[in-house]
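Just so it is clear, none of the values below were taken in a lab; they were calculated from the coordinates. Computed from a predicted structure; not experimentally measured.
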Amino acid sequence: MSSLKRRRLGAGVLLLSALVGMGIALYAYVTPLTGVTGTLGALVAILACVILTAAALGLFKLSPGAGLNVLRGLILLGLAGTFFAALLLHQWLLCVAMVVGLIGWIIDIATPAPSHALR
């Protein structure tokens with residue numbers, strides 16, 4: 001598999017996990033008897049997943065360089081923060097979604113830059 005395809009795979013896994021996480025957090029926010037219905041913590045988790053979705057889309061657009069590395073660092077912080085929020089909210093499926101997002105992030109990081117981008 002080429003490095004560009006692996007990079008797109010990592011960004012795609014991250015994008016999918018952010019979208020799934022957003023759905024899980026939204027469900028917990030609006031559904032009665034989830035324990036976090038209408039709470040600020042669930043709303044923050046929704047917003048964090050929206051930001052992670054936008055950041056994952058940015059991975060598709062940015063070429064290798066400092067901007068891409070900064071975005072990757074911010075994505076890692078977002079994944080860790082959302083995972084911690086999910087732990088505090090007892091939303092275990094959201095925790096799983098963030099771990100899957102971390103796997104996508106690792107795939108994206110581990111993929112070497114295409115040789116034509118280094119010129």
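List of remarks:
- Isotropic mean projected area of the C-alpha convex hull, the stretch 14-119 (nm²): 6.2 nm²
- Highest-fluctuation residue, ALA80, ALA48, ALA56 considered, GNM on the chain with Cα pairs under 10 Å: ALA80
- Helical mean residue ellipticity (222 nm; -39500 (n - 2.57) per DSSP H run of 4+; nearest 500) of the chain: -27500 deg cm²/dmol
- Degrees, to the nearest 10: 66-89 long Cα axis against longest axis of the chain: 20 degrees
- Contact order for the chain, expressed relative to its length and based on alpha carbon pairs under 8 Å spaced 6+ residues apart, stands at 42 percent.
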